[in-house]
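Everything on this sheet refers to the single structure shown next.
Every read-out reported here was derived from the displayed coordinates using simple, explicitly stated rules and does not represent laboratory data. Bear in mind that the values here come from a model prediction, so they are computed numbers and not experimental data. So basically every Cβ, Gly included, is an ideal-geometry build from the backbone, and we count neighbours across all protein chains shown.
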Amino acid sequence: MSLFVTELRRLGKRRVTRLMLVLLVVGLATVATAFSFSSEKLSPATVAAAEAKANNNYQNSVKEWQRSVSECEAAAARGDNTEERYGPNCGKDYQPQPDMFEANWYLPYQFDFRAEFPMFIAVFAASVALFGFIVGASFVGAEWNTGGMMNLLLWRPKRLTVLGTKLAALLTTVLGLTVVLGALWTAAFWLIASQRGSTAKMTAGVWRSIGLDGLRALAMTLLVAAIGFALASLGRHTAMALGAAVGIFAVSEIGIRIAVAVLGVQFGDRYVLSTYAQSWFLKQAELFDYHTCQFSQGACEPATYMVTWQQSAVVFGVALVGAVAAAFWTMRRRDIS
Amino acid sequence: MSAVLEIEGLRKTYRSRKRGVRRALDGFDMRVEAGQVHGFLGPNGSGKTTTLRTLLGLIRPNSGRMAILGQELPHALPAVAGQVGAIVESPQFFPHFSARDTLGLLAQAGELPKQRVDEVLELVGLRDRAGERVKTYSLGMKQRLAVASALLKNPKLLILDEPANGLDPGGIREMRGLMRELSENGMTVVLSSHILGEIQLICDSVTIISLGRRVAFGPVEQVLAAHSQGSVRVRLEAVGDLPQAADALTRAGVRVTTEPDHLLLSGVDKPATVSRLLAEQGLYVSELTPVAVDLESVFLELTATAPVPGQHRQVDQSAKVDQAGTTGGWGA
Ligand SMILES: Nc1ncnc2c1ncn2[C@@H]1O[C@H](COP(=O)(O)OP(=O)(O)OP(=O)(O)O)[C@@H](O)[C@H]1O
Ligand SMILES: [Mg+2]
């Protein structure tokens, strides 16, 4: 227990932790603030203005159509070929209809909490995950690299306990931050929605779904932090984790994409990591295969492949267990110098 | 006396695909009695740090037996770790923490009271600079911090790998006083150092290692005596008689080194025989003194690392003893 408290304290004292925390909070606050300006609450006046504008545009386009038809008829009377310029029957069949000018196209953007907040949960989770990765990697990486780990092992010779406690301290910190910042984030967007947007149709079921999104986001931040920690511990250097992350990203998002394209693998994106991240947040990701399309036969129904969030859980779970197990195994085995 | 530290037949082999195997420790033995200050000496690369790291559980030996305070290692390491304070070869600290934070975190991990941190900071002379980041410390200040971290637990066994590295003369002398004080209070100290004058001053006993094997061990006086045995300096009333004396002594089976104004003899059992032998030749001795050998020359001889004019000795060029163990039978 004393070791756990020590490690929490050590993590909190680190400059990287503090700096990244400031960046994280400032970044999130900036996004929320900037976003609040882009949303505007709809008042009866704005709705009326939008309706007027839609109607106005409708009238204008009817006038324009009438002018074009009469021009065409005049030209036809002169015996010119109008087919090419005005279409068949002088375009008389294409009279603009009122439903082609919907009022809500002319409305300013209004934030809809129910429909759009889940996307902001993903933005939040990605930010906190990045924080967790960097802080987690440097927490153990710098410790290895500066000899702090060796010093600590002179005091606490149980290596697995030491590494496990450090990991626990990191995950506790990330958990706490995710919960606190997540609550603030939700409150901020709720405020934006209630002041400058819409909080309509927020039933208990919607809240539950948002809660589940939040839980999946939390799991993601913990997972990424743990993997960053494990990679840095394996390589005994912060840079190893960052390098590995860049490498995995390059291989998965670029290398595999190119490879599946060259090999013509169907639904190649199911081998790409970001597909699984996407399906984790959105509960599923649908892949399409447009090669199966017969465009000559009209509208296309491409073959689809569904990646579910459960599949993502398996993929990420395997990655997590693999990285952490490897880190602990080498911790047990390797000489420390 | 009971042994605080016992090592028998310790082996550590580093393997690398490119450079093959390196036997850093090759059947090394060591024994340190309770309450002693024990010097651990050896040329560069002889395996001192490897021994200490192995003892502290940082590296795994290939074979051999180790025990601290009667408890078998590495099995019992967690149990004895609280009683062993150690620094291993210029320890590094997290550069952005202050000395006080660094020690505070260690003390907390070891469940020690907070005021102990200030006590050891005072002890090593860092009190007034303890709030500054370690990054800004000088070499000697870092070394003092390292010693402080080893003393923090108030250990029964203190292991210091080159603690004097970077200390100023005042600091070295202070360290000497500290060692003495600690051992008087019952602490056992193992000290690895290359400053042999220092070792000779403060150590009760020594172990000398060369190429991963013990070449000598025992109380300092015994190790010295074993090698100053029969070394005698002779001066005559007339310097011109020196060659004649050297002749006579050589014929009598004494090893003689001729110096400009005196002779150095070795292998002399009783100095009296020398004066009688010379008197028989009509040569009169003006000085006949047993020569005290210092630890440095014994070390150089035992490890065969004395510089030879015109040659550059490479590391790993040092005495290799038989597997059977140590030459001679000094000490314990
Ligand atoms: N990690 C390692 N891999 C390979 N060889 C090593 C490793 N660590 C040490 N050695 C080798 O083991 C031998 C003993 O090294 P060690 O550090 O114990 O020497 P030392 O007695 O402490 O020397 P010094 O007086 O220079 O500090 C050396 O030959 C060294 O090159
Ligand atoms: Mg060394």
CD proxy at 222 nm, helix term only [per DSSP H run n ≥ 4: -39500 (n - 2.57); per residue of the protein assembly as shown; nearest 500]: -17000 deg cm²/dmol
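Of the listed pairs B:LYS114/B:LYS135; A:LYS166/B:LYS114; B:LYS12/B:LYS142; B:LYS12/B:LYS156; B:LYS18/B:LYS153; A:LYS13/B:LYS153, which have alpha-carbon separations greater than 31 Å here? Spell out each step's value before the answer.
Numbers: B:LYS114/B:LYS135 23 Å; A:LYS166/B:LYS114 22 Å; B:LYS12/B:LYS142 29 Å; B:LYS12/B:LYS156 26 Å; B:LYS18/B:LYS153 42 Å; A:LYS13/B:LYS153 23 Å.
Flagged as over cut-off: B:LYS18/B:LYS153.
Under unit Cβ charges (Lys, Arg +1; Asp, Glu -1), what dipole magnitude, rounded to 20 debye, does region B:38-182 have relative to its Cα centre? Kindly include the intermediate steps, with their values, before the conclusion.
Details: 18 positive and 14 negative charges, 33 e Å.
Using Cβ point charges on Lys, Arg, Asp and Glu, region B:38-182 gives about 160 debye.
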Overall dimensions of region A:44-106 as given by Cα atoms, namely Rg and Dmax in Å: 15.5, 52
Only Lys, Arg (+1) and Asp, Glu (-1) charged, at Cβ; the protein assembly as shown dipole about Cα centre in debye: 920 debye
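Considering only DSSP beta bridges where both residues belong to chain A, give the percentage that are antiparallel (nearest 5). Write down the numbers at each step before the final one.
Values: 6 of 8 bridges.
Antiparallel bridges make up about 75 percent of those DSSP assigns within chain A.
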Top positive-direction residue, dipole computed over the protein assembly as shown with Cβ charges, set B:ALA292, B:LEU151, A:PHE101: B:LEU151
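Suppose every K and R has +1 on its Cβ and every D and E has -1 on its Cβ; what is the size of the dipole of chain A about the Cα centre, in Debye to the nearest 20? Present the calculation step by step, with values, prior to reporting the outcome.
On the way: 29 positive and 22 negative charges, 531 e Å.
Dipole about the Cα centre, nearest 20: 2560 debye.
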Footprinting exposure proxy for B:VAL88, A:VAL123, A:VAL5 (fewest neighbouring C-beta atoms within 10 Å first): A:VAL5, A:VAL123, B:VAL88
Set of aspartates and glutamates near A:LYS283 by C-alpha distance (under 16 Å), chain-local residues within fewer than 8 positions excluded: A:GLU116, A:ASP213
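Report the far tail of the P(r) of the protein assembly as shown, meaning the percent of Cα-Cα pairs longer than 34 Å. The partial results should precede the final answer.
Working: 144539 of 223446 pairs.
Above the 34 Å cut-off, the protein assembly as shown has 65 percent of its Cα pairs.
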